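Engineer: This is the structure I have questions about; it appears just below.
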Amino acid sequence: MTEKPRYRRILLKLSGELLKGRHDFGFDEASINIFADQIKEVVVMGVQVALVTGGGNIFRGGAPFAANMDRTTADNIGMLATLINALMLQDNFEKKGMEVRILSAIPSPNIAEPFIRRRALKHLEVGRVVIFACGTGSPFFTTDTAAALRANEINADVLLKGTKVRGVFSADPARNPDARFFEAISYDDVLAQNLKVMDAAAFAVCRDNNLPIIVFDVTKAGNLRRVVMGEPVGTLVGGKSD
């Protein structure tokens with residue numbers, strides 16, 4: 001008997017940094033293929049997959065040249081960058097045989113559907129991959145916050161934060177070889193130890209709605225499937241402290 005996935009509906013957050021891979025800017029085809037192959041692997045298993053991407057591979061509000069920009073303008077540029085990323089992923093995924101729909105928080109009728117919760121749920125229920133673009137549609141909010149909001153709106157079983165590291169550590173493991181790795185940690189302990197799992201607003205949305213977060217290395221082939229099956233990959237954030 002085939003084992004069933006532990007999580008049947010997921011929201012995967014991918015940063016723009018992951019999409020650029022080894023490059024300083026733009027896209028890395030090899031990296032995108034790794035993510036796409038993993039997503040197809042779980043879609044074939046019947047898992048419903050939604051994505052939110054960052055835009056840092058194209059534009060970062062924290063870049064030096066953006067320091068003197070109007071914050072709202074800079075955030076609008078960043079949100080549009082996520083739409084470019086969504087189109088890139090859509091093209092790659094469709095070439096691999098997946099059905100994909102982009103739902104944008106900023107109206108872009110010629111290239112994406114508007115974000116409507118019921119429409120997103122319908123796409124997921126029939127097996128389409130849904131990519132949420134343009135963040136929340138409002139400035140002053142990160143794509144982490146967009147991921148937390150959308151995950152709760154679609155009643156996702158878990159929010160998966162794909163990274164380039166194993167999971168959550170007590171300190172930067174690249175700088176501190178004695179940093180402790182957490183297989184699981186409560187919301188309260190994340191706050192008490194000031195661990196940077198997500199930005200404060202995003203984390204609060206997950207905590208208030210008891211939505212578990214798994215931080216894991218998405219650059220390693222097969223890890224997404226392992227997470228979905230409930231294997232101990234990455235760090236599970238949720239619940240109360242002991």
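Read-outs: derived from the displayed coordinates by stated rules, not from any lab. Note that the structure is predicted; figures quoted are calculated from it, not measured. A quick note on method: Cβ atoms are made from the backbone with ideal geometry, for glycine too, and the neighbour counts reach across all protein chains shown.
Engineer: Restricting to lysines 8 or more places apart or on different chains, can you count the pairs in the chain with Cα atoms under 15 Å from each other?
Structural biologist: Within the chain, the lysine pair count is 10.
Engineer: Could you give the dipole magnitude of the chain about its Cα centre, charging the beta-carbon of Lys and Arg +1 and that of Asp and Glu -1, in debye to the nearest 20?
Structural biologist: The calculation lands at about 440 debye.
Engineer: Residue separation times 0.36 nm, minus the C-alpha to C-alpha distance between Val44 and Asp208: what's the value?
Structural biologist: Answer, rounded to one decimal: 55.8 nm.
Engineer: Can I ask one more? Evaluate 2.2 N^0.38 Å with N set to the residue count of the chain, then give the Cα radius of gyration divided by it.
Structural biologist: For the chain, the normalised Cα radius of gyration comes out at 0.97.
Engineer: Name the residue farthest towards the positive end of the dipole of the chain from the options Gly56, Gly135, Ser108, assuming +1 on Cβ of Lys and Arg, -1 on Cβ of Asp and Glu, about the Cα centre.
Structural biologist: The Cα lying farthest towards the positive end belongs to Ser108.
Engineer: Considering amide H positions built from the backbone, and no H for Pro or chain starts, which residues 5 or more places from Val168, or on another chain, come under 5 Å of its amide H?
Structural biologist: Result for Val168 returns Phe182, Thr235.
Engineer: Let me ask something additional. Using all Cα-Cα distances in the stretch 162-242, what percent lands in each 5 angstrom bin from 0 up to the longest?
Structural biologist: In order of increasing distance, the bins hold 3, 15, 25, 25, 19, 10, 2 percent.
Engineer: So what are the ³J(HN,Hα) numbers for the stretch 3-19, from phi and the Karplus equation (6.51, -1.76, 1.60; θ = phi - 60°), rounded to whole Hz, Gly and Pro as x?
Structural biologist: Those phi angles translate into 5, 8, x, 6, 10, 9, 9, 10, 10, 9, 9, 10, 6, x, 4, 5, 6 Hz.
Engineer: Assuming 0.36 nm per residue, please report the length gained on full extension of the stretch Met69 to Met229 beyond their Cα-Cα distance.
Structural biologist: Contour length minus Cα-Cα distance gives 53.1 nm.
Engineer: Measure of size requested: the Rg and Dmax of the stretch 99-197, with Cα atoms as the atom set and Å as the unit; please supply both.
Structural biologist: In Å, with Rg to one decimal and Dmax whole: 17.0, 51.
Engineer: Something else about it: Summing -39500 (n - 2.57) over the DSSP H runs of n ≥ 4 in the chain and dividing by its residue number, what mean residue ellipticity at 222 nm do you reach, to the nearest 500 deg cm²/dmol?
Structural biologist: That comes out to -11000 deg cm²/dmol.
Engineer: Once you have the alpha carbon radius of gyration of the stretch 1-134, what is it after dividing by 2.2 N^0.38 Å, with N set to its residue count?
Structural biologist: 1.11
Engineer: What is the dipole size for the stretch 119-242, taken about its Cα centre, with +1 at each Lys and Arg Cβ and -1 at each Asp and Glu Cβ, in debye to the nearest 20?
Structural biologist: Result for the stretch 119-242 is approximately 460 debye, rounded to the nearest 20.
Engineer: Within the chain, what percent of beta bridges assigned by DSSP are antiparallel, to the nearest 5?
Structural biologist: Of the beta bridges lying entirely in the chain, close to 15 percent run antiparallel.
Engineer: Follow-up. Mind ordering 193-199, 136-142, 33-39 by average Cβ neighbours within 10 Å, highest first?
Structural biologist: The packing order, highest mean first, is 33-39, 136-142, 193-199.
Engineer: Mind ordering 201-210, 44-53, 166-175 by average Cβ neighbours within 10 Å, highest first?
Structural biologist: Per-residue mean Cβ counts within 10 Å order the peptides as 44-53, 201-210, 166-175.
Engineer: Report Rg (one decimal) and Dmax (nearest whole number) for the stretch 95-140, counting Cα atoms only, units Å.
Structural biologist: Gyration radius and largest Cα-Cα distance of the stretch 95-140: 11.1, 36 Å.
Engineer: Treating only the Cβ atoms of Lys and Arg (+1) and Asp and Glu (-1) as charged, compute the dipole magnitude of the stretch 61-129 about its Cα centre; round to the nearest 20 debye.
Structural biologist: 280
Engineer: Compare the peptides 19-30, 90-101 by average per-residue count of other Cβ atoms within 10 angstrom and give them in order, highest first.
Structural biologist: Order by mean packing, descending: 90-101, 19-30.
Engineer: How much length would be gained if the chain were fully extended between Arg118 and Glu17, taking 0.36 nm per residue of separation minus their Cα-Cα distance, in nm to one decimal?
Structural biologist: Gain on extension, Arg118 to Glu17, equals 33.3 nm.
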